[in-house]
Structures are given as structure tokens and as C-alpha cells.
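Below is one structure, written out as C-alpha cells; comments come after it.
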Amino acid sequence: MSLNTTSTAPVTTATAARASAAPPSGRLYRLDNRGSPCSLGLVRTRERLSELKLGDSLEVLTRDRYAPFEVPIWVERNGLELTSLTRRGLWLLATTTFVIKKTVEVRPPRVRTG
């Protein structure tokens, strides 16, 4: 699976084996937010998590420099489990990877009409 996809298709077995936070009971999905504006990162994450089953995990890749501070707080407030947080690269080009386990139901973001 390409890293530049936003689908919620399962990560391949080889990739899942490399991810130490991969849950034994659920599936691991990937969301690549590296090309998205920072304001959409949590909205897209929430949308994807609402589609997953309980016990599944979502691996989120982002270049948002505030994400290492915002995402753990958001995860805790929503009753989810942050199983992994890694950061690679230099400051402006760094990629942060989160693995979030869905432990409670997540409502999809509200859609504004009219």
C-alpha cells in the first residue's frame, strides 16, 4: 500500500509486523495526512476512526508541527488509546506517526449545511 493514500484499507502484513503497536485483536489501518493543512488533521482522523470497528487501530502520518502536542490530548479527551508516537526527520520536514486504538465509539464530525 502506498504511503500517499487516504483510504482506510488494511496495511499489508509486512507493514503491520513492523508496527510494534499493531493490536493482536484488531486490524491496523493507515491515514496519510502529510499533504493536508494542519486544521484538517484531527477532522480527518475523527472521520476515519468513526468508520472503524472497536479494537481496530489507525496509523496517522502528519507533518503538522503541533500534532505531537494536540493529538495525545485529543485522544485522551475522547477515551481512545494512543499506542505509539514516533517522530522522524528534521523540524520542518519531520513526519510524526501516531497509532490510535479505537476503544470507544467515535462520532463522525458534524457536517455543516447551508
If I go through the stretch 20-31 residue by residue, how many of them are buried (at least 18 other Cβ atoms within 10 Å of the Cβ) and either modelled with pLDDT under 85 or under 16 Å from ASP64 (Cβ atoms) (or both)?
3
Quick test of your reading of the structure: ARG34 fulfils all but one of (1) at pLDDT 95 or above; (2) of a type outside the set (Ser, Thr, Tyr); (3) in a loop (DSSP other than H, G, I, E, B); (4) within 13 Å of the chain's Cα centre (by Cα). Name the failing condition by number.
(1)
VAL60 is checked against (1) over 17 Å from GLY35 (Cα atoms); (2) within 15 Å of the chain's Cα centre (by Cα) and fails just one. What number does that condition carry?
(1)
Taking only the stretch 63-114 into account, find how many residues are of a type in the set (D, E, K, R) and either under 18 Å from ASP32 (Cα atoms) or in contact with a Phe, Trp or Tyr (Cβ under 8 Å, 6 or more places away or on another chain) (or both).
8
I'm trying to understand the selection: among the residues of the stretch 39-83, which are closer than 14 Å to GLU105 by Cα and assigned to a strand (DSSP E or B)?
SER57, LEU58, GLU81
Identify all residues within the stretch 37-73 that are free of Cβ contacts under 8 Å to residues at least 40 places away in the same chain, more than 11 Å from PHE98 (Cα to Cα) and crowded, with 17+ Cβ neighbours inside 10 Å; write none if there are none.
GLY41, LEU42, ARG44, ARG63, ASP64
What residue, of LEU52, LEU42, is closer than 17 Å to GLY79 by Cα and touching a helix residue (DSSP H, G or I) at 6+ places or on another chain (Cβ under 7 Å)?
LEU42
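Suppose the filter is loosely packed, with under 14 Cβ neighbours inside 10 Å, in contact (Cβ under 8 Å) with a residue 40 or more places away in the chain, assigned to a loop (DSSP other than H, G, I, E, B) and charged (D, E, K, R); does ARG107 pass it?
Details: loosely packed, with under 14 Cβ neighbours inside 10 Å: yes; in contact (Cβ under 8 Å) with a residue 40 or more places away in the chain: yes; assigned to a loop (DSSP other than H, G, I, E, B): yes; charged (D, E, K, R): yes.
When the stated conditions are applied, ARG107 passes them.
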Selection count, the stretch 84-99, where residues are outside any strand (DSSP E or B) and surrounded by 13 or more Cβ atoms within 10 Å (Cβ to Cβ):
1
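The values are calculated or read from the model by the stated rules, or taken from the named source; none is laboratory data. What you are looking at is a predicted structure, and each value in this text was computed from that prediction instead of being measured. Neighbour counts are summed over all protein chains in view; Cβ atoms, including those assigned to glycine, are modelled from backbone coordinates with ideal geometry.
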